[in-house]
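I have placed the structure first, in the form of structure tokens, so that the comments after it can refer back to it.
The values are calculated or read from the model by the stated rules, or taken from the named source; none is laboratory data. This structure is a prediction, so every number in the text was calculated from the model and none was measured. Here the Cβ is made from the backbone with ideal geometry for all residues, glycine too, and neighbour counts use every protein chain on show. Protein only, heavy atoms only, side chains kept; ligands, DNA and RNA dropped before computing areas. Shrake-Rupley method; radii C 1.70, N 1.55, O 1.52, S 1.80 Å.
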Amino acid sequence: MARLILLNKPYGVLTQFTNGDGEQTLSDFVDVPDVYAAGRLDKDSEGLLILTDSGTMHAQISSPKFKKEKTYLVQVEGNPSDDVLRKLARGVELNDGKTRPAKVERIDPPELWERNPPVRFRKSVPDIWLKLTITEGRNRQVRRMTAAIGFPTLRLVRWAIGDWTVDGLAPGEWRDAPMPEGFVERERAPRTEGAGRPAGGGFKRPEGRKFEGKKPARAGGARFDDGEAKRPTGGARALQDKRNSPTRLAERRAEGSRRAERLAAGKVGKGGGKPGFKDVGKPAGRPSAGRVAAGKPVGGKPTAGRPTSGRPTTGKPAARPGADRRGGPSQPRPPKR
């Protein structure tokens, strides 16, 4: 059965059971196994701390999503006005965001135990007590809230969490408390072999899916047939797979063999120029070196009488016979001596 313990944590005690490094911890006051604190109290804060061995109860007390009310008795330095207290109740801006709305009211000095060491007072500065109820649990939240309105905290006592209070407990004392009515401990389903993740850790592959050294297909479109991991279809990846299929590879190898045979037999493409793979498969034409295409288009473009030298013309008019490349009359070369 789950256990719930109410502890009045004294000033200067760490909210932990181990690694105190010479300072007092919870183990100096509570000798109960398997319980841990539901929420924290700072070392310089006092009051109610709930210990439990129930994970469900721990979450309901400490998690902000449950909005469990926590009531503090706060002694602040100075005398804030009602307008300032209303601002505190609406929520103040901290470095980690604005606080939720809170309940704030002035109270008379409560009858509390003496703190050791006592609070340091200044005769020239007054102080008052506030009752502050919040539904969050940020780090040192109450102290930061009062500092944000210009009134630092002198003493902080957590008086209640929900319906549980520290009333009747001296510093360092604790007592068992009943679980709330209707509370049900949430049980975790035991892990079994073969159902998803086994109890021993790791991932168990479903039966019939054997990868045999092949990497599984990526998520998003991957499917498995007969244990084979297939790549998703569609897009550039599908086109690449089609080009690299065994049938296409065999066709390209056969086409390469036919090209090599044509080149060895001297069968080149139309135009009589430098043979290349792009000419394979086209009817081989006779070289037209020295002939002038009389106005007939070669390669789809008019030649305008320019002699063809085995290459298609670009459609530019041919130069006059005897002219050099710059268009001027050619100069006779001097005889060699």
State, to one decimal in nm, how far the label point of A2 lies from the label point of V125, with both points 7 Å from Cα in the Cβ direction.
-> 4.3
Environment charge of P33, counting only residues whose C-beta is closer than 12 Å and scoring Lys/Arg +1, Asp/Glu -1 = -2
SASA check, E105, accessible area w/ 1.4 Å probe, all protein chains in place, rounded to nearest 10 Å², comes out at 90
When each of K65/K123; K9/K103; K43/K98; K9/K68 is checked by Cα-Cα distance, pairs over 31 Å | K65/K123
5 angstrom amide H check on L154, placed H, neighbours 5+ away = Q75, V76, E77
Under unit Cβ charges (Lys, Arg +1; Asp, Glu -1), what dipole magnitude, rounded to 20 debye, does segment 58-162 have relative to its Cα centre?
-> 360
Using modelled backbone amide H atoms (1.01 Å from N, in-plane), which distant-in-sequence or interchain residues come within less than 5 Å of D127's amide H?
-> G78
Quote the charge dipole size of segment 1-115 about the Cα centre in Debye, to the nearest 20; the model charges only the Cβ of Lys and Arg (+1) and of Asp and Glu (-1).
-> 760
If you keep only loop residues by DSSP, which GluC sites (Glu not before Pro) in segment 55-101 have at most 15 other Cβ atoms within 10 Å of their Cβ?
-> E69
Once amide hydrogens are built 1.01 Å from N within the peptide plane, the residues lying 5 or more places from R3 or on another chain with amide H under 5 Å from its amide H are D53, S54
